[in-house]
Amino acid sequence: MAGWHVRDFAPDDLEALVRLDSESDAGDRPAAFRLSDVVAALQSAHPTVVAVADGHIIGAAVGRIEGDRAWIMRISLHPAWRDLGMGSALLAALEHRLQRAGVRTLAALLSDAEAGATALNNSGFRPREGMTYFEKTQAVTAQDVVLLSSMGGVVPSPGLWAQLAGMEVEKHLIERRLVLPLAHPELASQHGVEPPRAVVLFGPPGTGKSTFAKAVAGRLGWPFVELFPARLALEEGLAPGLSRRFDEVAQLERVLVFIDEVEEVAGARDDADAAYIGVVNELLTSIVRFRDRDSRLLICATNNVAALDPAFLRHGRFDYVLPVGPPDRKARCALWSSYIARAGAEADIHQLAEASEGFTPADIAQAARTVAQTIFERTLDTGNRAYPTTDDYLRTISGTRPTLTRDMSTQFIDHTSRFART
């Protein structure tokens with residue numbers, strides 16, 4: 001067998017190195033670094049060396065520098081050239097180049113069957129016991145990031161779902177109907193369940209419809225894009241603005257689109273002018289196009305579901321029409337409990353729940369925020385750490401005007417019986 005020599009990687013070697021990567025089999029387990037990550041390092045001119053025999057690349061060691069640390073991203077060896085010391089030679093050459101670049105710590109992460117473990121041991125690398133590798137796959141590509149930024153989109157935190165304290169009935173319904181089928185589409189398909197494409201959340205203001213929409217995106221790990229009809233109307237006209245924005249959203253691999261107060265653009269068309277009718281028609285058309293692709297969800301929220309155009313709620317456009325109502329006594333206890341724990345206080349949660357009947361989650365949040373500010377100022381004024389009491393909360397509750405009126409509560413009950421599809 002002819003000899004081999006080690007040299008620096010050249011851009012013209014890329015195709016041969018990718019081919020070598022497939023030949024240097026890592027067994028059933030995928031390599032810790034994806035091939036796309038390796039190629040990105042090569043294209044960014046991170047130190048890499050290759051072994052060449054008879055003009056063919058038979059081995060490679062790819063590095064990536066991060067400050068004074070470098071990762072050995074890949075050690076690729078042609079099967080016919082293993083156990084001949086080539087891996088150790090490649091590592092020695094790569095290590096020399098990394099040291100010249102100011103690297104002080106070399107790290108490597110290999111799957112169980114990946115090539116290179118013997119070479120690493122022979123080169124003085126030692127495994128770190130008691131360590132666990134954690135990995136998180138981002139929901140968006142680099143191209144998606146640019147598009148999301150232009151639309152003001154974000155990927156909400158998964159922890160947002162846990163912050164919806166007290167809304168257990170709504171959380172249970174939304175998780176079962178929306179999150180689970182979208183998070184497990186293959187299993188859903190096996191059971192004949194078609195994942196939802198569009199839903200309406202309705203209920204009084206302040207009950208958390210917007211937060212629920214963001215929390216669903218966070219649970220799924222999907223980008224969240226909110227459409228603002230008023231802004232679109234100012235920029236280029238509402239109908240063409242809706243059409244363009246839905247076309248932009250369609251470029252994302254997966255996305256949750258949210259429209260708040262959707263009654264502004266989807267109200268009854270009975271006595272409307274031609275321009276408004278055109279807006280409603282465009283939105284209905286856009287929803288049909290939106291539903292044609294997987295891994296996307298439209299959530300529309302409204303305070304008054306009865307004001308929506310009847311065609312808007314028709315089966316085939318929206319899979320569910322879900323009520324999000326004011327918290328009951330149990331839910332108010334859970335909400336107060338979360339705020340009191342955050343403040344390090346001791347208070348009678350049941351008294352607070354009773355006193356805040358008719359409060360929305362937003363009302364309770366405002367009252368808790370007011371108490372926190374008061375106690376903060378008390379600590380600064382006295383120089384002693386103060387803690388809120390039950391009376392502090394009760395006084396604030398009595399001075400807080402609830403969002404909900406009796407008429408609103410009655411209307412919500414009526415709308416739930418007439419419009420809900422759960």
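Taking the chain as a Gaussian network of alpha-carbon nodes connected by springs under 10 Å, the highest mean-square fluctuation of the residues 66, 282, 168 belongs to 66. Which helices of the chain meet both criteria: a Cα extent of 18 Å or more along the helical axis and a mean Kyte-Doolittle score no lower than 0.0, with helices taken as whole DSSP H segments? What comes out of the filter, once short or polar helices are dropped, is 86-100, 274-290. Inter-part distance, the range 374-397 to the range 243-308, computed on C-alpha centroids, equals 46 Å. Dipole size of the range 310-358 about its Cα centre, with +1 on Lys/Arg Cβ and -1 on Asp/Glu Cβ: approximately 340 debye, rounded to the nearest 20. Residues of the range 47-65 with backbone nitrogen within less than 17 Å of a virtual label 7 Å along the Cα-to-Cβ line of residue 80, please, listed as ranges. Counting backbone N atoms under 17 Å from the label point, the list is 51-60.
As a rough footprinting exposure proxy, the listed residues 209, 171, 330, 214 were ranked by other beta carbons within 10 Å of their own, and the order from fewest upward is 330, 171, 214, 209. When you count the other C-beta atoms within 10 angstrom of each residue and take the mean per peptide, 381-390, 263-272 line up highest first as 263-272, 381-390. Which option, (1) 29.4, 90; (2) 22.0, 74; (3) 25.7, 83, is the value of Rg and Dmax of the Cα atoms in Å that was calculated from these coordinates? Comparing each candidate, only (1) matches the computed number.
Listed by Cβ neighbour count within 10 Å, with the fewest neighbours leading, 222, 81, 336, 4 appear as 81, 4, 222, 336.
Contour minus end-to-end for residue 52 and residue 417, with contour as 0.36 nm per residue of separation and end-to-end as the Cα-Cα distance?
Working it through step by step, the gained length comes to 123.9 nm.
Simple spin-label estimate for residue 68 and residue 410 gives 7.3 nm between the two label positions (7 Å along the Cα-to-Cβ direction from each Cα). The string of couplings for the range 295-309 from the Karplus curve (6.51, -1.76, 1.60, θ = phi - 60°) is 6, 8, 9, 9, 10, 10, 10, 8, 7, 9, 5, 5, 7, 6, 4 Hz, one whole number per residue in order, with x for Gly and Pro. Pull up all non-local amide H partners of residue 421: gap of 5 or more, or a different chain, and H-to-H distance under 5 Å with H placed in the peptide plane. Long-range HN contacts for residue 421: 321, 322.
Working out 0.36 nm times the residue gap between residue 337 and residue 274, then minus their Cα-Cα distance, what length gain in nm do you get to one decimal?
17.6 nm
Of the residues 333, 300, the one with the fewest other Cβ atoms within 10 Å heads the list, and the complete ranking is 333, 300.
Here the dipole of the chain is about 600 debye; that uses its Cα centre as origin and unit charges on the Cβ of Lys and Arg (positive) and Asp and Glu (negative).
Counted over the chain, the DSSP beta bridges are approximately 50% antiparallel.
Taken about its Cα centre, the range 5-122 carries a charge dipole of about 400 debye when Lys and Arg each add +1 at the Cβ and Asp and Glu each add -1 at the Cβ.
No value in this document is a laboratory result; all are computed from the given coordinates. Predicted model, so just to flag it, every value in this text is computed and none were measured. Cβ atoms come from the backbone with ideal geometry, glycine included; neighbour counts cover every protein chain shown.
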